[in-house]
Structure formats: C-alpha cells, structure tokens
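The values are calculated or read from the model by the stated rules, or taken from the named source; none is laboratory data. Source: prediction; values computed, not measured. Please note: Cβ atoms are built from the backbone with ideal geometry, for glycine as well, and neighbour counts cover all protein chains shown. For the accessible areas, the whole protein counts, side chains as well, though only heavy atoms, and no ligand, DNA or RNA atoms are used. Shrake-Rupley method; radii C 1.70, N 1.55, O 1.52, S 1.80 Å.
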There are 6 protein chains.
Amino acid sequence: MTQAVPLLVVEDEALVLIDLQDALEEGGYLVLAATDGPGALQLLDDRLAEVRALITDVDIGPGAITGWDIAQQAREVRPDLPVVYMTGASADQWASRGVPNSILLAKPFATAQLLTAVSQLINATTKIIPDQKE
Amino acid sequence: MTQAVPLLVVEDEALVLIDLQDALEEGGYLVLAATDGPGALQLLDDRLAEVRALITDVDIGPGAITGWDIAQQAREVRPDLPVVYMTGASADQWASRGVPNSILLAKPFATAQLLTAVSQLINATTKIIPDQKE
Amino acid sequence: MTQAVPLLVVEDEALVLIDLQDALEEGGYLVLAATDGPGALQLLDDRLAEVRALITDVDIGPGAITGWDIAQQAREVRPDLPVVYMTGASADQWASRGVPNSILLAKPFATAQLLTAVSQLINATTKIIPDQKE
Amino acid sequence: MTQAVPLLVVEDEALVLIDLQDALEEGGYLVLAATDGPGALQLLDDRLAEVRALITDVDIGPGAITGWDIAQQAREVRPDLPVVYMTGASADQWASRGVPNSILLAKPFATAQLLTAVSQLINATTKIIPDQKE
Amino acid sequence: MTQAVPLLVVEDEALVLIDLQDALEEGGYLVLAATDGPGALQLLDDRLAEVRALITDVDIGPGAITGWDIAQQAREVRPDLPVVYMTGASADQWASRGVPNSILLAKPFATAQLLTAVSQLINATTKIIPDQKE
Amino acid sequence: MTQAVPLLVVEDEALVLIDLQDALEEGGYLVLAATDGPGALQLLDDRLAEVRALITDVDIGPGAITGWDIAQQAREVRPDLPVVYMTGASADQWASRGVPNSILLAKPFATAQLLTAVSQLINATTKIIPDQKE
C-alpha cells in the first residue's frame, strides 16, 4: 500500500476533475488525467500498460471522440481493463455502446459510488485471472 | 459530483442517526432523515421520487410500523429503489420479510459496510436500467 | 408454459441453425431465425418488440454486418434485451465490441451452455425490472 | 443421483401443473404438488423440512392466500429455502412482496428458464452454507 | 455445436458414473472419465489441456487421494478451470478445502443442477477472459 | 455503529500493518493483529469466534506457515468467515490454494480496494445467512 494504484481518468470539466482526483487519491489511487479526446488517446498510447482501470466521462467536449470510443480502444489492447463511465445525458446509450463488465455512474453521483465501482471491478479482475503467466 | 446524492434514512436513535449522517455525507450523500414510522411515511409521500436509496432501521421505536413495512411501501411506488436494512435483534426476519435485492446490515456494522452496501446497490440500478425513457 | 417463448436467432450455417433450433425448442423456446445480416436487420424491424432475447453468430457470412452490429442495433431499441453471442474466431473482440450484460459462447459449445446462458439472462431481466409499467 | 430431489410446487391450473411436473422430473426433480392455498399450507406443515426449493404460482385461485404468502411462511421456518415465483399479471408486485434471493418467472416462460432458475438457486445455497452442522 | 465439449469426470461408483455420463452427453458434453485417484491423476497429465471443466466426486474410494486434491492439482496447471465437486458426507469441508470459484453439489442432486452448474461456470470463464492471446 | 467491527489481520511488515490498521479503523473496523504465523494461529485459537473477517498476507516471513494455511484453518472452524488475501509474488497460487468465496488483492492495492473487499464479503454473509439460530 506504500505505492498508489494508477488509474486513467478522462474528464473535460476542470472542477469536476479536481473533485474526482481528490476522492480517488483519498482512496489510495493515483490519477493520470486527460481533459479531452486527443489527450486521452495520447495517454492510452503512453501509459495504458501500467494503469489498473479507466474512468471516463462520456461527453468530453467538442470533437468526435466520446468516452464510448476511448473505452473501446482501451479494451482492444487490454481486454480485462476495468471501465467506469460517468455521464449525465448519455446514460441511455450505455446498453448499446458500453463495453461488457463496465459500470455506468449517472451524474450526479456520490464519491462513495465511484470508489466502490472502481474498487469492485479491480478486485474482480484480480480474483478471476490469478495467474497471468499461464 | 457537485450535487450530493439524496438518500432517505430512517433511524429512531438520535445518536446513531448522527453517526449515519456523518458517514454518508463523508461519502458524498445527502441525508433526508426520519426518526419514527409516521415521519418516514410522510417523507415517502413527499420526497420518494427524488431519493436514490432507502436506508432503514427495522425496529423504529413504539408503534406498529417497522422498517419492513416502510421498505415495502416504498417499493410499491418505486420498484427499483435500493434498500438497506439495519437491525440488531430482527435479522432473522429478513429472509421472510425483506424485499428482493436488498442488503441487511447486522448491528454493529462498520461505516465502510454501509457505504459499500448503498453504493453497490445504486451502481447496480444505474447499470441495469440504462434507459428509463423506454 | 403453453406458449413458447420467442427468441431471435442469427446463424448463417444452415446445419448449425437446425441444431440450435432443436436445442432451444427442446428447452421451450420458439426460434425466429435469420441466416444473414440483411435478414437479421429485417427481423429486428419486424419482430424485435416480441422476442425475449437475441442469440447471434458473430461472423455471419459475406457483407459488412456482424453480430456485434446486430446486437448494438437491437439494444438501441430494447436496452434490456438479453444478448448471447456465438463465435469461433472472433472471441477476442468481445471485450471491446460486445454489449454490457451479454454472454459470449466460444465455439464449439454444448447445448446446455446455450440453454443456461439464455435462460439465466432472461431470468435476470425479469427479476430486475419487475414493473415495466413504471 | 439415484434419488430424485424433492421440490414443493404450487399451481392451481391442472394442465400447467402437469407441464411443470414433466419438465422438473425430466431434470431430475421430484414434485410434491399443491393446487390451492390450503393444500399448500398443509404441505408446508408436513413436508417443508425435506424439500430443496419452493416453486409457487402467485395467483392461486379463489381465496385470500397468494404465492407471496406461501413463500413468506415457508421462509419463516426455512430462511435459506430457494423460492421461484411464477406469474402473469402480478409481476409488478414482486419488488415489494417477494422474498430476498428469489427469482420471478413472468408467464409465459420456457422450461429451460424454470430448470435454470431452480437449479441455480439450489446450487447457490449448497455453495454458501457448506457446513450445516456448525 | 457439431463437436461435443470435453469434460473430465471423476467418480468411483460405476452406476453413478453412467448416470452422470448420460446426463452430460444429453447436454452436449463429452465425458473423459476416471474411476479412482491414480486414474484421475493420469488423465490430468494426459488430457488437462483439452477439457473445459473438471467434475469430481470428493470421496473416491480407498487411497489417500481425494477430489479436493485432484482439483487443486488441476488448478495449479489451469488456474481458470471450472470445478464442480460432488459429495455426500464431505460437504462440510468445502469451505476450507475447495478451490475458489467452484460449485459444490450435495448428493443427491438433480441432473439439471449438474448441467446448470458446469454450464454456468464455463460460460463465465469464456466471458471473462475473452482474449487468451493477449 | 457505536462499537467497531472486529477483524483479524495478519501482516508481517510493521509499516504495512500500520497502514492497514489506519485504513480499516477509518472505515469503522477494529483490528486484532498478528505479525507472524504462530501469532496468527494463537489469535485464531483465542478470538476467532468474535471476528467478522480474516485479512491475511500470504507470505508471512520465515517459517512454514502461509496465509493459505491460516485461512484454511480459520474456515475449518468458521466455514462462513469472509477471507481477503494480500500478496505480491504469490497471486498465481490463489486459484489452487485459496478458499472459496475469498478475494485476493494483488500488491500494491489501494485502501479503497481493501475496504470494498472486506465490506462486500461481510455484507454478503449477513445477507445470505439471515438466521443463525435455525
């Protein structure tokens, strides 16, 4: 527990991102943050191998890239990566555009919901694939 | 996360209620509280549409109304409402009097148990019914 | 139980489709079948409202339409529809292209796997959304 | 597997009961049947200790007793008893009147749904309470 | 579905083994059987890579080897292998001697319980580890 | 919530133990700690009846006793005891040496993972076995 557990967080609103960061660091996580689509794709390229989960807003500002796309691209490389989506208006698209074994948090959500969601998904991954060497 | 997530909490012991309130607010929730059966039923009438979960003590002081009744009445109006029961002496009645998809916390319980229980149930609701408009 | 429960099944190999149909009818289901992408989309248009689940092969012959696409389109209209994918070579795409709360059966699979998968998903839907009128 | 596994089945329509009985016996179960409320309560009194699950229609003909009542009474004596409800018109009451850890099958349902539901619940019970002697 | 799905079944009573084999083959599985501890270990050596699940009696006749040992050895080589235990007298040892993510069937059990248990575990494995190539 | 919920924690590194203790007490738990195998076995003898879960490091310093052994011994006496393992190098042994219904946390892990894991397991136990008196 001396090292924090790295997560990739994508959120375009600066104030919300600060809140997320505070809550996740309080829970023992380390946040690698992106604030728009291109930044998120760059982080996927650079740091995907080391993060333990992806937490992504769905509507990340202007541009064609959405949280649905980011999660899909991340899963192409890391099929077991835990994914948590955050959304206000786009919750109704989760059933058709979300990836399997993901959790959607409808905004507004409580800090405890976020910590429980990401922790539960990471714990399940660890549990199920105990021996990556096989 | 700028708005807190409202919950309905029913607990007749004032000191316990303060503890619950502190723990839940720490986790990002907003507590609408009732301290007896009639107060709980009044809150169901007034605020049920806006809360995201019900947390209820089972034995709520004198009178015929129990936590089992309150949860049942809430579910008649909101069948998908997450329900967490708290009880000391009445845990053995949960299997016959509790509602489906509820969690029972046997007293004494830890703050983390409460936050995990309510967050897990709310997250599951969001996940499963993504499109309320349909 | 006097009426069979209708399912939409998409499978381009005629012999496999007959096997699937036999197994599912033995289990009390009624199969509405499509053998290619356009036929599947036509069935979605015509009969989606009445089926209780979608069972789809992933690689359905020549053409641009895959089982991933069919499930996504079905979920846009029916976000709670149970989905079972069947695939040989494309299992590795499920984590990024599958829909939430779906099950993937890697070929070859046993009849009992198919019946358990579809039944479990339908039972969970019924359980979680008890009141469709709300 | 040489002995069949006994279940208590409550269903007031004789033809439906025969179908249920055939399906369950095909799956290796032995059916103890009641066709109305008083008969069901009598069976609870006489045979509850030996059955492994309760399968009950919700609307069991004239009289005040419903499937909700029968399950509740059974759970008062056997809190770990698996319960499967079958219903057409009353599915919307499950969220408020059903017992925890039960499954509701909306009519019409397939034989495979019933076998999967009851088997899954019995398997979970066995798994979770491995040592009844404690 | 044209090929049957191979399972490893360990059961020392010949008549019970025949029943198991009939039920599993009816469900689309192919049974590789061992009737004692040494035979089971031999099958693990020879065929473990190709089976999709292990179904093992716990008390397999004279000798020091039990079903607990066989499952543990199988999991050392295949950590994701679905395991179903069958037992009469030794169910109370499952909580301390069983492997994670296994199901225990207390004898007597119904055919449908066995098919549901093994199918559910295999389906979950397929679902969770979609891309073995990664 | 006025009384803390007692847990048994086994961890041989003093600094890590302090971190665990802080995090668990923050979540409302009371830690009974052991720092080596013999100490853990002594605590099992003395206090097992009163704790609500076991959290154990797998590699607990010199000596033949491992976290796998401690959990197994605890489960022989308390088959329903929630178990959380913590490990760096030995995660690949969980599938064969862990007990059923346990969670493995791969080091490094976040505080929130630990609190979620132990709380979720305790909540599930309470839920499933509502009436210990039966």
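Computed over chain A, the range of Cα coordinates on each principal axis works out to 42, 30, 27 Å, biggest value leading. Relative contact order for region C:20-134: 23 percent, from Cα pairs under 8 Å spaced at least 6 residues apart, divided by residue count.
For a straight C-alpha distance cut-off of 15 angstrom, the aspartates and glutamates reachable from F:LYS107 (same-chain residues fewer than eight places away being disregarded) are A:GLU50, A:ASP131, F:GLU11, F:ASP12, F:GLU13, F:ASP19, F:ASP57, F:ASP59, F:ASP92.
Where the alpha-carbon atoms of the protein assembly as shown are placed on the principal axes, they occupy 63, 62, 57 Å, in descending order. When E:PRO6 is represented by a point 7 angstrom out along its Cα-to-C-beta vector, the spacings to that point in the other copies are 4.2, 4.2, 4.2, 5.2, 6.2 nm, nearest first. Computed from the Cβ-Cβ distance with R0 of 41 Å, the FRET efficiency linking D:ALA4 to F:ALA124 stands at 0.85. Once all protein chains are placed together, D:GLU26 keeps about 140 Å² accessible to a 1.4 angstrom probe. Shielding by partners for peptide D:4-11, expressed as the average number of C-beta atoms from other protein chains within 10 Å of each residue's C-beta, is 2. The helix-based estimate of mean residue ellipticity at 222 nm for chain E, built from -39,500 (n - 2.57) per DSSP H run of four or more residues and divided by its residue count, is -13000 deg cm²/dmol to the nearest 500.
Neighbours of D:LEU32, meaning other residues whose beta-carbon lies under 10 angstrom from its beta-carbon, give a summed charge of -1 when Lys and Arg score +1 and Asp and Glu score -1. Once you reduce region D:1-79 and region B:27-50 to the center of their Cα atoms, the two points are 39 Å from each other. Overall, the anisotropy analysis places region B:1-60 in the oblate class: the square-rooted eigenvalues a ≥ b ≥ c of its C-alpha gyration tensor yield a/c not less than 1.5, with a/b not exceeding b/c.
Which value results for Rg/Rh of region D:58-107 when Rg is the Cα radius of gyration and Rh the Kirkwood radius based on the inverse mean 1/r? Mind dumping the intermediate values first?
Numbers: Rg = 10.4 Å, Rh = 11.1 Å.
Across region D:58-107, the Cα-based Rg/Rh ratio is 0.94.
Mean-square fluctuations from a GNM of chain A, with a 10 angstrom spring cutoff on Cα atoms, peak among A:THR56, A:THR35, A:THR116 at A:THR116.
Taken along the Cα-to-beta-carbon direction at a fixed 7 Å, the label points for C:ASP22 and D:ILE18 span 2.8 nm.
Taking square-rooted eigenvalues a ≥ b ≥ c of the alpha carbon gyration tensor, is region E:42-87 rounded, prolate or oblate, where a/c under 1.5 means rounded and, failing that, a/b exceeding b/c means prolate? In terms of gyration-tensor shape, prolate. Between B:ALA117, B:ALA89, B:ALA74, the GNM of chain B built on Cα springs shorter than 10 angstrom shows B:ALA89 fluctuating the most.
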